[in-house]
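For reference, the structure discussed in these notes is given below.
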Amino acid sequence: MLPLLTDPWFYAAAIPAVILVGLSKGGFGGAVGFVGVPLMSLAISPVQAAAILLPILVLMDIVSLWSWRGVYDRALLGSMLPGSLAGIGAGWLTASLVTADMVRLIVGAAALVFVLRWVFQQLRHGAAHRAERNGVMAAFWGTVAGFTSFVAHVGGPPFQVYALPLRLDPKVLSGTAAIFFAVSNAVKLGPYFALGQFDTANLAASFALMPIAPLATLAGAWLVRRMRPEIFYPFTYATVALIAVKLLWDGAAQLF
């Protein structure tokens, strides 16, 4: 028996992490999903946590694609996915240089600015304000999402920085996010394998946690289908704000 599979502290951190990631995968577009690696890092290293989580993410993506089949924004995917693939490539090339703590600090800062910007817009324009589409910004944030997703599975906030202000129907946003991250995570499998992240211990831990993944993902989809936009968006922004502060705290504490 592998030591990790008999460690109760591993399960105490990993099971809540998988549940939260699954709920996010089910329809919240990554709103709380990027707590997975930081939460699992309470028991194991961030690098090992990311490796264990990736096969589980792929399984969740399959369930999420089925849950939101036929509901997506084709133009949004076309403008963001190429950038995501480029960001994954950049993450692979710089894997030995960039630490997970650096990514947490950068993503946390960007996400917090994004939420503060949204609050300002609500005060100035009201809840009905909708941002205009911008191909350059879509490509930029898609690239950032791909890069941060590769390093620490925190692609949700950069994706939301561009996608949330468009104020799509929550179901359309969820379906679009499902395809975006399904493609991104599938592409990440090759580089992770090349970097030697899928050893016996990590894969065994992934398989031990997989039964939780489909149930949590379906639960997330069930919740989003019953949420009105006026509840969905404030909830999502509030969640992003809380996690942004957590990422900033964790990144700064380790780096400084």
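Helix 100-125: angle to the longest alpha-carbon principal axis of the chain, degrees 0 to 90, nearest 10? The two axes meet at around 20 degrees. Rounded to the nearest 20 debye, the dipole size of region 7-255 about its Cα centre is 740 debye, using +1 on the Cβ of Lys and Arg and -1 on the Cβ of Asp and Glu. Remark: Leu247, Leu5 ranked as Leu5, Leu247, counting other beta-carbon atoms within 10 Å and listing the fewest first. Coupling constants for region 155-162 follow from the phi torsions by the Karplus curve (6.51 cos²θ - 1.76 cosθ + 1.60, θ = phi - 60°), and in residue order they are x, x, x, x, 4, 6, 3, 8 Hz; glycine and proline get x. Using equal-weight Cα scatterers in the Debye expression, the normalised intensity of region 64-138 in log10 at q = 0.13, 0.20, 0.26, 0.28 Å⁻¹ is -0.67, -1.15, -1.13, -1.15. Listed by chain and number, the lysines placed with their C-alpha closer than 18 angstrom to that of Lys25 are Lys171, Lys188; residues fewer than eight positions away on the same chain are left out. Compute the distance in nm between two label points, each set 7 Å from the Cα along the Cα-to-Cβ direction, one at Ile15 and one at Leu242. So the label points at Ile15 and Leu242 sit 2.1 nm apart. Convex hull volume per residue, computed on the Cα atoms of region 89-231, equals 124 Å³.
Normalised Debye scattering of the chain at q = 0.07 Å⁻¹ gives log10 I(q)/I(0) of -0.21, counting only Cα atoms as equal scatterers and leaving out solvent. Helix 229-255 and the longest principal axis of the C-alpha atoms of the chain enclose an angle of approximately 50°.
Quick note: the coordinates plus some simple rules give every number you see, no bench work behind them. Keep in mind it's a predicted model, so treat the numbers as computed, not measured. Note that each Cβ is placed from the backbone with ideal geometry, even for glycine, and that neighbours are counted across all protein chains shown.
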